[in-house]
Amino acid sequence: MATKLRSQTWFDSLEYYAFARRAYIRSEGLSRQSFFGKPVIGICNSWSELNHCNIHLRTVAEAVKRGVWQAGGVPFEFPTISLGEVFMRPTTMLFRNLMAMDVEESIRANPLDGVVLLCGCDKTTPAQLMGAASADLPSIFVTGGPMLSGDYKGGKVGSGTDMRKIFDNYRTGQMSDEELCEFEGCAARSHGHCMVMGTASTMTSIAEALGMTLTGCASIPAPDSRRLAMAELSGRRIVEMVNEDLRPSKIMTREAFENAITTSMALGGSTNAVVHLIAIAGRLGIQITLEDFHRISKSTPYLANIKPSGSYLMEDFFYSGGLPALMRNILPLLHGDCITVTGSTIGENLKDSPCYNEDVIRPLDKALNTEGGTLILYGNLAPNGAVIKHTAASEHLLQHRGPAYVFDDHEHMLADLLRDDLPVDENTVLVLKNAGPHGGPGFPEWGQIPMPTKLLKRGVKDMVRISDSRMSGTSFGTVVLHISPESAIGGPLAAVQTGAEIVLDTAGRRIDINIPQAELDRRLAAFEPPKPHYTRGYGKMFLDHVTQAHLGCDFDFLHGEAK
Ligand code: FES
């Protein structure tokens, strides 16, 4: 147990400001007995009405408070900025580091002994993990949980994934305005985050695999009463963690990060996990590289039959046993001795974790794929790496060569894709430039370039698309992403011109442009960077300090353990 509670240095002294703090905190209606000498637990809440996925987190916070009081602590809920994935422009990723800084400094600046962090929507989980890692006070995560399954005309539909398919039907005239309006009410029918294995489900599962949540937390649907019970238990547990001085740096070790990568691969998790895990580990001075993802992906079978790579939804996953059942199946591939917020090891936590449906959570001998969901590519277009979610790609396109059609920016791309005279066919490789951390700006999710309308009308559903952008975890298709270095700072992608032959060789782990190296060098020597998107404010700080995709896109000055 810690010898003296950190919060006591705020309240327990004879100096004036300790007296003033006691006096002012009592203005919240607390008696001295209710807070003095007790573990003070912050509840870091990413609730916002501008973030529909996290809209229920005030209710979740009340359940956490119940648990904290029961265990003898005193809870204080506080807000930070929140990042609503579909609302924020140009992209929530521009603000992930800002939220992480808000979380870190709010924890450090206040009289807290421990923290419960409430998250859900895509970037809120990695931002909180980064902030909590840097602040390094005892911390436990309560994720908001996935939405209930969508339902349209008697069939289950997944938010994001099926919305894209439906919208393609609409823009090719196969669906009426009335049907689209009806679908809008069916696709996201409860609070909670997207209920496919998108970035939110991936990152909340990763929080659990890292050991930062109680066992089974990530998979419980948001509206299920057991989520509030989980929140209450987490509130009880954080008080014990303060007494045990169990901090993120003791839990999120290199082995824990390897567990998280293994779990993400078995889940067919979002490609965004690559960027986020590198950034979170960087906050603890742990270097995770793209090669770690490649090595683990090669030896981890893909087991979770969930959209967009599989067939089911997160609600089915929960009823089948959820993340604990999946992790038990891959326990031989995990570091079972990693300690978690429970105070027990991963191996001990997973002892009694049955699977109730082996079609949803496959055993090792019935894997959906012998390898994990994310492949790391290199080549003359991506000297520092690129990623492809090959489990959600078209088999026939994984080895492909075809002429490039280049879009220099997102806005023109969207307009061009509607043209009936766009000079592309199913063999063309669509190339989007200026969509990385500097170019987007903020590394937006533009990488799943929409299929050209004229090809959709002919029934073509997929083609090779490459960019220095990211894509939503709910997306699918033969899409090469995160090309590093990015085109806006003079990466080789900047040298691609329409008509050049692009070669995708996933077996050889390469993405190349088929031109002589001397010509590539000549074009890059003549490269002129685009005008920066920002010259002041947070945007300028972002451009001055963000690292490239293969380094996690954190700010260079936030790497390493906080002293
Ligand atoms: Fe929040 Fe999908 S919009 S997780």
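Things to note:
- Among residues of the stretch 211-231, those that are within 21 Å of Val40 (Cα to Cα) and buried (at least 22 other Cβ atoms within 10 Å of the Cβ), counted: 4
- Output for the stretch 144-168, where each listed residue is under 28 Å from the mean Cα position of the chain (by Cα), open to solvent by 50 Å² or more (accessible area, probe 1.4 Å) and not aliphatic (A, V, I, L, M): Asp151, Lys156, Arg164, Lys165, Phe167
- The stretch 86-101: number of residues that are surrounded by 20 or more Cβ atoms within 10 Å (Cβ to Cβ) and part of a loop (DSSP other than H, G, I, E, B): 2
- Total residues in the stretch 468-496, condition in contact with a Phe, Trp or Tyr (Cβ under 9 Å, 6 or more places away or on another chain) and at positive phi: 2
- Each residue in the stretch 68-80 was checked for being of a type outside the set (S, T, N, Q) and open to solvent by 60 Å² or more (accessible area, probe 1.4 Å), and 2 of them qualify.
- Scanning the stretch 195-220 for residues that are over 25 Å from Glu445 (Cβ atoms), away from the ligand (no atom under 16 Å from the Cβ) and among the hydrophobic types (A, V, I, L, M, F, W, C) gives Leu214, Cys217.
- For the stretch 243-261, residues that are open to solvent by 10 Å² or more (accessible area, probe 1.4 Å) and assigned to a helix (DSSP H, G or I) total 7.
- All told, Phe141 falls short of being more than 30 Å from Gly67 (Cβ to Cβ) and aromatic (Phe, Trp, Tyr).
- Just one of (1) farther than 19 Å from Arg523 by Cβ; (2) touching a residue at least 24 places away in the same chain (Cβ under 8 Å); (3) among the aliphatic types (A, V, I, L, M) fails for Ala415. It is (2).
- The residue that is nearest to the ligand (Cβ to nearest atom), counting only those in the stretch 42-85 that are in a helix (DSSP H, G or I) and of a type in the set (S, T, N, Q), is Asn54.
- Filter pass, Leu83 being buried (at least 21 other Cβ atoms within 10 Å of the Cβ), touching a residue at least 40 places away in the same chain (Cβ under 8 Å) and under 30 Å from Gly37 (Cβ atoms): no
- If the condition is being in contact with a helix residue (DSSP H, G or I) (Cβ under 7 Å, 6 or more places away or on another chain) and away from the ligand (no atom under 16 Å from the Cβ), then the stretch 221-236 contributes Leu228, Ala231, Glu232, Leu233, Ser234, Gly235, Arg236.
- Within the set His438, His412, His396, the sole residue that is modelled with pLDDT of 95 or more and part of a helix (DSSP H, G or I) turns out to be His396.
- Hits in the stretch 235-262 (condition: within 24 Å of the chain's Cα centre (by Cα) and of a type in the set (Lys, Arg)): Arg247, Lys250, Arg254
- Residues that are closer than 26 Å to Leu397 by Cβ and surrounded by 13 or more Cβ atoms within 10 Å (Cβ to Cβ) within the stretch 506-547 comprise Thr506, Gly508, Arg509, Arg510, Ile511, Asp512, Ile513, Ile515, Leu520, listed in sequence order.
- Glu208 vs. criteria in contact (Cβ under 8 Å) with a residue 12 or more places away in the chain, open to solvent by less than 40 Å² (accessible area, probe 1.4 Å) and of a type in the set (D, E, K, R): yes
- Restricted to helices (runs of 4 or more DSSP H) entirely inside the stretch 275-392, those with at least 1 residues that are under 20 Å from the mean Cα position of the chain (by Cα) are 290-299, 314-319, 322-329.
- Qualifying residue in the stretch 123-140 (condition: touching a residue at least 60 places away in the same chain (Cβ under 8 Å), out of contact with any Lys or Arg (no Cβ under 8 Å at 6 or more places or on another chain), within 16 Å of the ligand (Cβ to nearest atom) and not in a helix (DSSP H, G or I)): no
- Residue within the stretch 427-447 that is of a type outside the set (Asp, Glu), surrounded by fewer than 24 Cβ atoms within 10 Å (Cβ to Cβ), within 16 Å of the ligand (Cβ to nearest atom) and under 20 Å from Arg89 (Cα atoms) present: yes
The values are calculated or read from the model by the stated rules, or taken from the named source; none is laboratory data. Just so you know, these numbers come straight off a predicted model, no measurement behind them. Glycine gets a Cβ as well: all are built from the backbone with ideal geometry, and neighbour counts include every protein chain shown. SASA here: full protein model, heavy atoms, side chains in, ligands and nucleic acids out. Shrake-Rupley method; radii C 1.70, N 1.55, O 1.52, S 1.80 Å.
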